[in-house]
Amino acid sequence: MRKKIVAGNWKMNLTLAQGEQLINDILQAGLKLEEGQEVVIATPFPYLLKAKALLKNYPGFYVAAQNCHSEKSGAFTGEVAAEMLQSIGVDYVILGHSERREYFQESNEMLARKIDQALANGIKPIFCCGEPLAIRQAESQNDYVAAQLAESLYHLTAEQFSQVVIAYEPIWAIGTGLTASAAQAQDMHAFIRSQIANKFGREAALHTTILYGGSAKPGNAAELFASPDVDGGLIGGASLVAADFVSIVTKLS
Ligand SMILES: O=C(CO)COP(=O)(O)O
């Protein structure tokens with residue numbers, strides 16, 4: 001009914017040789033993806049073409065960028081446009097990761113424009129949302145995430161929105177070893193789906209893939225993925241180790 005995805009976010013790690021080795025090791029594991037299951041690998045920009053070539057003959061394996069610019073083209077030295085990503089065959093782009101929001105001052109409004117650029121170029125956004133620890137402690141996480149969704153996505157048509165994957169990544173769980181419990185993840189994912197239903201309709205909500213990210217690893221992936229509204233994971237640290245990443249993919253149900 002909706003796609004199940006495990007996506008690896010390499011962040012700013014690995015040399016080209018190391019990345020190539022990692023992809024080859026993942027491919028050699030002989031994963032058998034079921035209908036509707038996808039593996040997405042988000043490499044740094046310089047490796048996207050190579051990753052795409054390595055994955056070309058593997059159905060169900062896709063490549064993602066970790067960012068794109070909010071404008072179509074122009075005098076933005078050092079930036080990468082969605083059209084450039086499209087021109088090299090990139091399938092997905094991660095947008096709104098909490099590291100980009102924090103270190104590169106990406107606002108919900110700027111992310112709305114990045115989403116538009118991605119969609120205009122046929123690239124599927126993986127839109128990240130999630131609350132910092134203080135918001136969770138104040139029990140305001142639902143309002144916080146609802147605002148992120150509304151301000152970056154609610155200008156879309158239902159047809160445009162159908163191309164968007166959501167990733168819920170509670171900031172307090174990223175790279176900390178602290179995972180949201182399966183119940184916490186399920187609660188938030190169900191909330192996100194209900195928000196989508198209110199805005200885009202029930203059918204759209206049922207078809208939206210919502211990934212969990214934050215210290216997901218082989219030991220907790222099965223429990224997380226077993227929750228009805230958790231449709232896979234966005235994996236950071238564990239995506240850099242082939243055996244761990246492959247093991248997480250096998251936990252998709
Ligand atoms: O940020 C993440 C994926 O985008 C999660 O990172 P970790 O899996 O390292 O916690």
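Where helices (runs of 4 or more DSSP H) fall entirely within the stretch 160-253, none has at least 1 residues that are touching a His at 6+ places or on another chain (Cβ under 6 Å), touching a residue at least 40 places away in the same chain (Cβ under 8 Å) and open to solvent by 30 Å² or more (accessible area, probe 1.4 Å). Taking the stretch 22-55 as the range and being open to solvent by 80 Å² or more (accessible area, probe 1.4 Å) and modelled with pLDDT under 95 as the test, only LYS32 passes. Of ALA197, ALA158, all but one fail to be more than 19 Å from PRO125 (Cβ to Cβ), small (Gly, Ala, Ser) and away from the ligand (no atom under 13 Å from the Cβ); the exception is ALA197. Cβ-Cβ contacts under 6 Å between residues 6 or more apart (or on different chains), taken from a first residue in the stretch 17-30 that is without any contact (Cβ under 8 Å) to a residue 40 or more places away in the chain and under 12 Å from PHE61 (Cβ atoms) to a second residue that is open to solvent by 20 Å² or more (accessible area, probe 1.4 Å) and charged (D, E, K, R), are absent. Any chance the stretch 79-96 includes a residue that's touching a Lys or Arg at 6+ places or on another chain (Cβ under 6 Å), surrounded by 15 or more Cβ atoms within 10 Å (Cβ to Cβ) and aromatic (Phe, Trp, Tyr)? Yes, some residue in the stretch 79-96 is touching a Lys or Arg at 6+ places or on another chain (Cβ under 6 Å), surrounded by 15 or more Cβ atoms within 10 Å (Cβ to Cβ) and aromatic (Phe, Trp, Tyr). Among the residues of the stretch 203-236 satisfying the criterion of being near the ligand (Cβ under 9 Å from one of its atoms) and more than 20 Å from TYR92 (Cβ to Cβ), which is farthest from the chain's Cα centre (by Cα)? Filtering first and then ranking leaves LYS217. The conditions of being out of contact with any helix residue (DSSP H, G or I) (no Cβ under 9 Å at 6 or more places or on another chain), open to solvent by less than 10 Å² (accessible area, probe 1.4 Å) and within 20 Å of ALA82 (Cβ to Cβ) are met by ILE126.
Of all residues in the stretch 173-185, those satisfying the criterion of being within 10 Å of the ligand (Cβ to nearest atom) and in contact with a helix residue (DSSP H, G or I) (Cβ under 7 Å, 6 or more places away or on another chain) are ILE174, GLY175, LEU178, THR179.
Checking the structure you have, find out if any residue of the stretch 130-146 is within 16 Å of the ligand (Cβ to nearest atom), open to solvent by 60 Å² or more (accessible area, probe 1.4 Å), of a type in the set (Asp, Glu) and more than 19 Å from LYS72 (Cα to Cα). No, every residue in the stretch 130-146 fails to be within 16 Å of the ligand (Cβ to nearest atom), open to solvent by 60 Å² or more (accessible area, probe 1.4 Å), of a type in the set (Asp, Glu) and more than 19 Å from LYS72 (Cα to Cα).
Say we look at the stretch 1-21 and pick out the residues that are open to solvent by 20 Å² or more (accessible area, probe 1.4 Å) and either within 16 Å of the ligand (Cβ to nearest atom) or among the hydroxyl-bearing types (Ser, Thr, Tyr) (or both); which of these is nearest to ALA221 (Cα to Cα)? Residue satisfying both the conditions and the ranking: LYS11.
Here is the figure for the stretch 131-159: residues that are in contact with a Gly (Cβ under 7 Å, 6 or more places away or on another chain) and either hydroxyl-bearing (Ser, Thr, Tyr) or part of a loop (DSSP other than H, G, I, E, B) (or both) total 1. Could you tell me whether any residue of the stretch 64-86 is assigned to a strand (DSSP E or B) and either free of Cβ contacts under 8 Å to residues at least 60 places away in the same chain or not basic (Lys, Arg) (or both)? Checked against the condition, which is being assigned to a strand (DSSP E or B) and either free of Cβ contacts under 8 Å to residues at least 60 places away in the same chain or not basic (Lys, Arg) (or both), the stretch 64-86 yields at least one hit.
The values are calculated or read from the model by the stated rules, or taken from the named source; none is laboratory data. Note that the structure is a prediction, hence the values are computed from the model and not measured. So basically every Cβ, Gly included, is an ideal-geometry build from the backbone, and we count neighbours across all protein chains shown. Surface areas here come from the heavy atoms of the whole protein model, side chains and all, with no ligands, DNA or RNA. Shrake-Rupley method; radii C 1.70, N 1.55, O 1.52, S 1.80 Å.
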